[in-house]
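Read the structure below first, then the notes.
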Amino acid sequence: MQDTKAGNESLIELQNVNHAYEIGYQKSIKALSDLNLKIRMGEFIAVIGANGSGKSTFAQHLNALLLPDSGKVIVDGLDTANPDNTWAVRKRVGIVFQNPDNQLVAAIAEEDVAFGPENLGLPPVEIRQRVAYYLKLLDLTAQQKRPPHLLSGGQKQRLVIAGVLAMQPQCLVLDEPTAMLDPSGRQQLLQTIVKLNRENRMTVVLITHLMEEAALADRLVVLHQGTVAMDDTPRQIFTQKAQLEKYGLQLPGLAEMALKLAAVGLYNQKRIPLYIDELVDNLCGL
Ligand code: ADP
Ligand code: MG
């Protein structure tokens, strides 16, 4: 795999992880199957896969919300299966889910951000500093006194992220965080996520079923039937249209357009474009 800006230090390791849900007498659904993955400090990984491919089950293994039936998940050297480690693991890996309404607890925005640090038992001065810092980082200072239910979907999701970051985790896991947002809320949230990785060096695992979102990451992991089917840079993975289709996925619109243009001699297909400018720069024969 092409290297990224991330360091080589491994932060999370999943080793032969299996997980099945019991759904009745002697019946179960296999959700993860011998899944192996190493997440390094500072990486920005997107995880993509068709519905039911195991993305959410995988996400919940990263901070001990779910435990493997067999295999291991090691977070910063801590085995998530050891109950003594649960708290330490959850401190290191924060999760943001699809629906912000399920994660907001307080009546006022700033109280929501304070909730996690209060549970960590931090001194009030430190809590106040963190609340102000993370509200500003997520562009929510003007909303600090407002009740969360009056915020837009995108603002709510950023508030959830501020609350998770206020615990100062080493890794931020987002499970389809833009699913409930309108296009502008989605765009702003994605920019925020990219910035957190690039500028604040946060390790990010972005779970999505949208190829356009996956294109933002440095590394793209494709899940299929609960296991890692592909693991490479987005650009490399987007050259493998047939393979992706086998896993129930399609190329991003931009890559698809480049292929169509190349087929009629209008695109110099040296590499699959990730950005509109790359597509435009490689147009030819006009
Ligand atoms: P994804 O997030 O990629 O859609 P999930 O991890 O939610 O995938 O689901 C993986 C498989 O496990 C699917 O077959 C799904 O139906 C099943 N599954 C997920 N959650 C549960 C649950 N709580 N009980 C039973 N089966 C579940
Ligand atoms: Mg899911």
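The rows are residues; the columns are (1) within 16 Å of ligand 2 (Cβ to nearest atom); (2) surrounded by fewer than 23 Cβ atoms within 10 Å (Cβ to Cβ); (3) modelled with pLDDT under 95.
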{"site": "R146", "(1), (2), (3)": "no, yes, no"}
{"site": "G153", "(1), (2), (3)": "no, yes, yes"}
{"site": "L159", "(1), (2), (3)": "no, no, no"}
{"site": "V164", "(1), (2), (3)": "no, yes, no"}
{"site": "L174", "(1), (2), (3)": "yes, no, no"}
{"site": "D182", "(1), (2), (3)": "no, yes, yes"}
{"site": "R186", "(1), (2), (3)": "no, yes, yes"}
{"site": "T192", "(1), (2), (3)": "no, yes, yes"}
{"site": "T203", "(1), (2), (3)": "no, no, no"}
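Here are the criteria: (1) more than 16 Å from ligand 2 (Cβ to nearest atom); (2) touching a Pro at 6+ places or on another chain (Cβ under 9 Å); (3) closer than 14 Å to P169 by Cβ. Tell me which single one V96 does not satisfy.
That leaves (1) as the condition not met.
For residues that are closer than 20 Å to R186 by Cα and surrounded by 22 or more Cβ atoms within 10 Å (Cβ to Cβ), scanning just segment 216-229, find the one that is nearest to ligand 1 (Cβ to nearest atom).
Checked segment 216-229; the qualifying residue nearest to ligand 1 (Cβ to nearest atom) is L220.
Quickly run through segment 108-125 and pick out the residues that are more than 14 Å from L165 (Cα to Cα) and part of a loop (DSSP other than H, G, I, E, B).
Of everything in segment 108-125, those that are more than 14 Å from L165 (Cα to Cα) and part of a loop (DSSP other than H, G, I, E, B) turn out to be I108, G121, L122, P123.
For E111, are the conditions met, namely being exposed (fewer than 14 other Cβ atoms within 10 Å of the Cβ) and in contact with a helix residue (DSSP H, G or I) (Cβ under 9 Å, 6 or more places away or on another chain)?
No.
Which residues, taken from segment 7-34, are crowded, with 21+ Cβ neighbours inside 10 Å and either within 15 Å of ligand 1 (Cβ to nearest atom) or outside any strand (DSSP E or B) (or both)? Write out each step before concluding.
Going through segment 7-34, the residues crowded, with 21+ Cβ neighbours inside 10 Å turn out to be 11-12, 14, 17, 19, 31-32.
Within segment 7-34, L14, V17, H19, A31, L32 meet the criteria.
Counting just the residues of segment 35-57 that are in a loop (DSSP other than H, G, I, E, B), within 16 Å of ligand 2 (Cβ to nearest atom) and in contact (Cβ under 8 Å) with a residue 60 or more places away in the chain, which one comes out nearest to D232 (Cα to Cα)? Break it down stepwise before answering.
Going residue by residue through segment 35-57, those that are in a loop (DSSP other than H, G, I, E, B) are 41-43, 49-54.
Of the ones still in play, those that are also within 16 Å of ligand 2 (Cβ to nearest atom) are 49-54.
Add one more test, that the residue is in contact (Cβ under 8 Å) with a residue 60 or more places away in the chain, and what stays is 49-51, 53-54.
Numbers: G49: 14, A50: 18, N51: 21, S53: 18, G54: 19 Å.
Among residues in segment 35-57 that are in a loop (DSSP other than H, G, I, E, B), within 16 Å of ligand 2 (Cβ to nearest atom) and in contact (Cβ under 8 Å) with a residue 60 or more places away in the chain, the one nearest to D232 (Cα to Cα) is G49.
Exactly one of these conditions fails for I45: (1) away from ligand 1 (no atom under 13 Å from the Cβ); (2) of a type outside the set (D, E, K, R); (3) in contact with a Cys (Cβ under 8 Å, 6 or more places away or on another chain). Give me its number.
(3)
Determine, yes or no, whether R128 is of a type in the set (K, R), surrounded by fewer than 21 Cβ atoms within 10 Å (Cβ to Cβ) and part of a loop (DSSP other than H, G, I, E, B).
No: the conditions fail for R128.
I need a count of the residues in segment 65-107 that are away from ligand 1 (no atom under 16 Å from the Cβ), under 17 Å from the mean Cα position of the chain (by Cα) and in a loop (DSSP other than H, G, I, E, B).
Residues in segment 65-107 being away from ligand 1 (no atom under 16 Å from the Cβ), under 17 Å from the mean Cα position of the chain (by Cα) and in a loop (DSSP other than H, G, I, E, B): 1 in total.
What is the one condition in (1) within 16 Å of ligand 1 (Cβ to nearest atom); (2) within 25 Å of D101 (Cα to Cα) that I193 does not satisfy?
(1)
Among the residues of segment 45-63, count how many are surrounded by 23 or more Cβ atoms within 10 Å (Cβ to Cβ) and touching a helix residue (DSSP H, G or I) at 6+ places or on another chain (Cβ under 8 Å).
Total satisfying the criteria: 4.
The values are calculated or read from the model by the stated rules, or taken from the named source; none is laboratory data. None of the values given here were measured: they were computed from a predicted structure. Virtual Cβ from ideal backbone geometry, glycine too; neighbours counted across all protein chains shown.
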